[in-house]
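Values quoted throughout were computed directly from the atomic coordinates according to the rules given, and no laboratory measurement underlies them. Just so you know, these numbers come straight off a predicted model, no measurement behind them. Cβ coordinates were reconstructed from backbone atoms using ideal geometry, including for glycine residues, and neighbour counts include every protein chain displayed.
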Amino acid sequence: DSKPKESMQLVKTAVRDDGHFEVSFAGRYFSNKKMVKELFVILLISLALLYFILASQFESLVLPLIILVEVPLDFFGVFLFLKLGGSGINLMSMIGIVVMAGIVVNDSILKIDTVNQLRKEGYGLLRALLVAGQRRLKPILMTALVTIIGIAPVLFAGGLGADLQRPLALANIGGMIVGTFVSLYIIPLLYFYLNRKIKVKEDENRK
């Protein structure tokens, strides 16, 4: 991204110093940047719609936030793998982020829904979290492994289009690795502390 900017700046400087020419820039670089911004907006709108759907499903305004907090946490894995792979944010990596977000958020939704169902059956908070973790462990790991193993060959592929597809694979794999850890450990911890806080407030109100 810096090389095109440097080149454009050099051209602008040369034209400005000459004074007899005007210059304008167009091409795939600018169209790709526009599409990346549009995909980012689409991602934000999708997360907002998902929040309202989850708020209706769980009958809570806070539980959906616990689930959606996973997305910015997963960006750490995305950016780390893109950096290690020598890629940056572009159209293909944004597509990878959108795909990854859909998969890992679904894992967290199912896990929280399992916890809620167990608590309705009379399980205590800790017991429900432990049982839900056991039930959802294999499906979450299988989803992550299938996705990562399925897309990993793209990282080692050569030929036409390989460089174009590599950012998508890097973003997807990095996000899935971090997202799996978040779904298994961070989301249950947030759920636990949220419910503990709610219970403490309820006890204080009763007093």
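Taken one residue at a time, the phi angles of region 45-51 give Karplus couplings (6.51, -1.76, 1.60, θ = phi - 60°) of 5, 4, 5, 5, 5, 4, 4 Hz. Gly and Pro are set to x. Comparing ARG127, ARG136, ARG166 in a Gaussian network model of the chain, where Cα atoms under 10 Å apart are tied by springs, the biggest mean-square fluctuation is seen for ARG127.
Measure nothing fancy, just the Cα-based angle from helix 2-18's long axis to the longest principal axis of the chain, in degrees from 0 to 90, nearest 10. Orientation of helix 2-18: about 40 degrees from the principal axis.
Restricting the calculation to Cα atoms, region 49-123 yields a radius of gyration followed by a Dmax of 15.3, 51 Å. Once R0 is set to 22 Å, what does the formula 1/(1 + (r/R0)^6) return for the Cβ-Cβ distance between VAL146 and PHE181, expressed as a FRET efficiency to the nearest 0.05? Computed FRET efficiency for VAL146 and PHE181: 0.85. Couplings for region 139-155, taken from phi via the Karplus curve 6.51 cos²θ - 1.76 cosθ + 1.60 with θ = phi - 60°, read x, 5, 5, 5, 4, 5, 5, 4, 5, 5, 5, x, 9, 4, x, 4, 5 Hz in order; Gly and Pro are left as x. Dimensions of region 101-158 along the principal axes, based on C-alpha atoms and rounded to the nearest Å, stand at 55, 18, 12, largest first. The listed peptides 90-98, 31-39, 112-120, ordered by packing as a protection proxy, come out as 90-98, 112-120, 31-39 (highest mean of other Cβ atoms within 10 Å first). Over the residues of the chain, the helix contribution to mean residue ellipticity at 222 nm works out to -28000 deg cm²/dmol, using -39500 (n - 2.57) for each DSSP H run of at least 4.
With bins 5 Å wide beginning at 0, the percent of Cα pairs of region 22-72 falling in each bin runs 4, 18, 19, 14, 11, 9, 8, 6, 5, 3, 2, 1. The phi-based Karplus calculation (6.51 cos²θ - 1.76 cosθ + 1.60; θ = phi - 60°) puts the 3J(HN,Hα) values of region 166-179 at 4, x, 4, 5, 4, 5, 5, 5, x, x, 5, 5, 5, x Hz, whole numbers, x for Gly and Pro. With semi-axes defined as the square roots of five times the eigenvalues of the C-alpha gyration tensor, the equivalent ellipsoid of the chain measures 44, 21, 13 Å, largest first.
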